[in-house]
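Colleague: Following this message is one structure expressed as structure tokens.
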Amino acid sequence: MTALRSLAAMAFLAASLSAASASAQVVGEVGVDWIGNDIIVEAVADPEVKGVTCHVTYFDRSIIDRLKQGNWFEDPSNSSISCRQTGPVEIGDIDLSKSGEEVFRQGRSLIWKDLLVKRIYDKANDTLIYLAHSRQIIEGSAKMAISTVPLYGQQVNWTKGKP
């Protein structure tokens, strides 16, 4: 009975992690081998910065690969990101600290690893920086990617006033 409860808790947690990616829309899926592994491309709209869209890519392992490798619950930490202005820019209440603010999170393993996108505002260069990285509970990953959206010379509406 305890094993059944643990399995149910893991399934609930996995569903919760999937719900965190509700703001992402899959816009591309590229097969990379004959066993069904794919590269997924998702469009992520920044909830506090209207008019900016990030495209995030990541590797999605197939069931066949999971059975073959034996590491059933985990996907690689590799990801890539590209962010661009896709409409008029309106910036809401964003975190202006050096550590930035989480814009997007998606579980990449059952409970141990997340793919994160953080937004950092570079005031000196009037630029939004988007950092994609993996966060693991036990051992962090050095794999990361960044993309920038320069605001200089752009018509930008700061709802709380420009810092």
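The values are calculated or read from the model by the stated rules, or taken from the named source; none is laboratory data. Just so you know, these numbers come straight off a predicted model, no measurement behind them. Reconstructed Cβ throughout: ideal geometry from the backbone, glycine too, with neighbour counts over all protein chains shown. Side chains included, ligands, DNA and RNA excluded: accessible areas come from the protein's heavy atoms. Shrake-Rupley method; radii C 1.70, N 1.55, O 1.52, S 1.80 Å.
Colleague: State the extension gain, in nm to one decimal, for the chain segment bounded by Asn78 and Gln25, taking 0.36 nm per residue of separation less the distance between their alpha-carbons.
Modeller: 17.2 nm
Colleague: Now a separate question. Taking R0 as 22 Å, what's the FRET efficiency between Asp33 and Met144 from their Cβ-Cβ distance, rounded to 0.05?
Modeller: Details: r = 25 Å, r/R0 = 1.13.
After rounding to 0.05, the efficiency reads 0.30.
Colleague: Check cross-link reach from Lys160 to the lysines: straight Cα distance under 27 Å, and skip same-chain residues fewer than eight apart.
Modeller: Output for Lys160: Lys50, Lys98, Lys118, Lys123.
Colleague: Just to make sure I understand: if all protein chains stay in place, what is the order of Lys160, Lys50 by accessible area at 1.4 Å, largest first?
Modeller: Lys160, Lys50
Colleague: So for Trp158, Trp34, what's the accessible-area order with a 1.4 Å probe, most first? Walk me through the numbers before you get to the answer.
Modeller: Working: Trp158 35, Trp34 225 Å².
The residues order as Trp34, Trp158, largest area first.
Colleague: Over the heavy atoms of Leu131, what accessible area does a 1.4 Å probe trace out, to the nearest 10 Å²?
Modeller: Around 40 Å² of this residue is reachable by solvent.
Colleague: Let me ask something else about it. Between Lys68 and Ser97, what is 0.36 nm times their sequence separation minus the Cα-Cα distance? Round to one decimal in nm.
Modeller: Numbers: separation 29, 0.36 × 29 = 10.44 nm, distance 4.40 nm.
Gain on extension, Lys68 to Ser97, equals 6.0 nm.
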